[in-house]
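To start, the structure under review is shown below, and the notes come after it.
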Amino acid sequence: MNNKEAIIECVPNFSEGKDPAVVREIVHAMKVDGVSLLDYSLDADHNRSVVTIAGASAPVVESVLRGIGKAVQSIDLTAQQGVHPRIGAADVIPLAPIRGISLPECAALARQLGQEIWKRFQVPVYFYEAAALRPDRRLLEDVRNGQFEGLQKKVQQDVTRRPDVGGPSLHPTAGASAVGARQLLIACNVYLNTSNVGTARTIAREIRGSSGGLAGLKAMGVLVRGRAQVSMNITDFQGTPVSAAYRAVKEAAGRLGAQPDMVELIGLVPEAAVEPGSEWMELATNFSTARTLERRLESPLTWP
């Protein structure tokens, strides 16, 4: 990539993680000149896939729109189930500044993207984080409250839950999309040596920022293949390093008679967040230096 070019990252989350062929079709549809594919992964238990792309704003927007179009065709939420909350086939679409562009500029771009999603696909849009038009929609978890099934009913009954763009009804099979702008984040899952999902949920409730825990930390407890998992998004890894989030999980787990035994990273990690020799990195079975954002920007993946 040209070092003088303004670069943004987009990390669309699609509500399909069980059928690799469908995910490959979505990713393949996103191939656009000027856009680099940095990462993609799917999780059958969460029934979710996460794609990371980067490039200049115009081609990145076109790339993600093509992926959304394929997801709308391929994913039927009325038949979709997984442990991860969702409101849409193309569930969450965040834009993040990497170089030469500000967060407010990404927020303005996110709002333009939301308008185009409705125009092309008749999928209504909610704006969150820096792109939010209302203070009660800054947090993604508030936007996604009730999930697809609950939100379908709420938009008919409660005008305050209606989308920012389009609607008021959700798309019958593709739901709605949450489009936002944010800084780079780190997504990771900590598995515990217990099958008690209540333990994971108690830990998540204790450590997340909204409950008075660590600033910039979002967490939920789920059961994955018979193992309790604390699924975390760290939205400010400089203020709350991964080691601090991991330590909070470990300490809370210890009080409940459990302990972490594996860490799983979702997507890429900025080099500034890498902590060599830390316990979380020792337990991160899928981490390598090739999975840093900076390394992938230099050597992107081949499009499927």
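The values are calculated or read from the model by the stated rules, or taken from the named source; none is laboratory data. These numbers come from a predicted model, not from an experiment. Heads up, the Cβs are rebuilt from the backbone with ideal geometry, glycines too, and the neighbour counts pull from every protein chain shown.
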### Message
Given the condition buried (at least 23 other Cβ atoms within 10 Å of the Cβ), among the basic types (Lys, Arg) and either in the same structural domain as Gln156 (by TED's automatic domain parsing) or within 19 Å of Leu185 (Cβ to Cβ) (or both), answer yes or no: does some residue in segment 120-127 qualify?
### Response
no
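Each row is one residue, and each column tells you yes or no for (1) part of a helix (DSSP H, G or I); (2) surrounded by fewer than 19 Cβ atoms within 10 Å (Cβ to Cβ).
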{"residue": "Leu151", "(1), (2)": "yes, no"}
{"residue": "Lys154", "(1), (2)": "yes, yes"}
{"residue": "Thr173", "(1), (2)": "no, yes"}
{"residue": "Gly180", "(1), (2)": "no, no"}
{"residue": "Leu184", "(1), (2)": "no, no"}
{"residue": "Ser195", "(1), (2)": "no, yes"}
{"residue": "Thr199", "(1), (2)": "yes, no"}
{"residue": "Arg205", "(1), (2)": "yes, yes"}
{"residue": "Ser210", "(1), (2)": "yes, yes"}
### Message
Conditions first: (1) over 25 Å from Val269 (Cα atoms); (2) touching a helix residue (DSSP H, G or I) at 6+ places or on another chain (Cβ under 6 Å); (3) among the small types (Gly, Ala, Ser). Gly88 passes all but one, so which condition is the exception?
### Response
(2)
### Task
Sort through Ala244, Ala252, Ala248, Ala228 and tell me the only one that's farther than 24 Å from Leu184 by Cβ, in contact with a Leu (Cβ under 7 Å, 6 or more places away or on another chain) and outside any loop (DSSP other than H, G, I, E, B).
Ala228
### Candidate set from segment 162-195 (those that are in contact (Cβ under 8 Å) with a residue 40 or more places away in the chain and among the charged types (D, E, K, R)); member that is nearest to Ile207 (Cα to Cα)
Arg182
### Task
Please indicate, with yes or no, whether at least one residue in segment 114-128 is within 19 Å of the chain's Cα centre (by Cα), among the basic types (Lys, Arg) and part of a helix (DSSP H, G or I).
no
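Out of all the residues in segment 257-279, which are within 17 Å of Ile234 (Cβ to Cβ), among the acidic types (Asp, Glu) and not in a loop (DSSP other than H, G, I, E, B)? Outline the logic, then answer.
Of the residues in segment 257-279, the ones within 17 Å of Ile234 (Cβ to Cβ) are 260, 263-275, 278-279.
Okay, now just the ones that are also among the acidic types (Asp, Glu), so 264, 271, 275, 279.
Listed by number, the residues that qualify are Glu264, Glu271, Glu279.
Of these, Ser15, Ser41, which one is surrounded by fewer than 20 Cβ atoms within 10 Å (Cβ to Cβ), touching a residue at least 40 places away in the same chain (Cβ under 8 Å) and under 28 Å from Val197 (Cα atoms)?
Going through Ser15, Ser41 in turn, the sole match is Ser41.
Answer yes or no as to whether Asp43 is among the acidic types (Asp, Glu) and more than 20 Å from Arg120 (Cβ to Cβ).
Working: among the acidic types (Asp, Glu): yes; more than 20 Å from Arg120 (Cβ to Cβ): yes.
For Asp43, the condition - among the acidic types (Asp, Glu) and more than 20 Å from Arg120 (Cβ to Cβ) - is met.
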#### Entry: Residue match in segment 280-289 (condition: surrounded by fewer than 19 Cβ atoms within 10 Å (Cβ to Cβ), part of a strand (DSSP E or B) and modelled with pLDDT of 95 or more)
no
### Query
Exactly one of (1) under 15 Å from Arg48 (Cβ atoms); (2) out of contact with any Phe, Trp or Tyr (no Cβ under 6 Å at 6 or more places or on another chain) is unmet by Ile87. Its number?
(2)
### Gln115 out of contact with any helix residue (DSSP H, G or I) (no Cβ under 9 Å at 6 or more places or on another chain), at pLDDT below 95 and surrounded by fewer than 19 Cβ atoms within 10 Å (Cβ to Cβ)
no
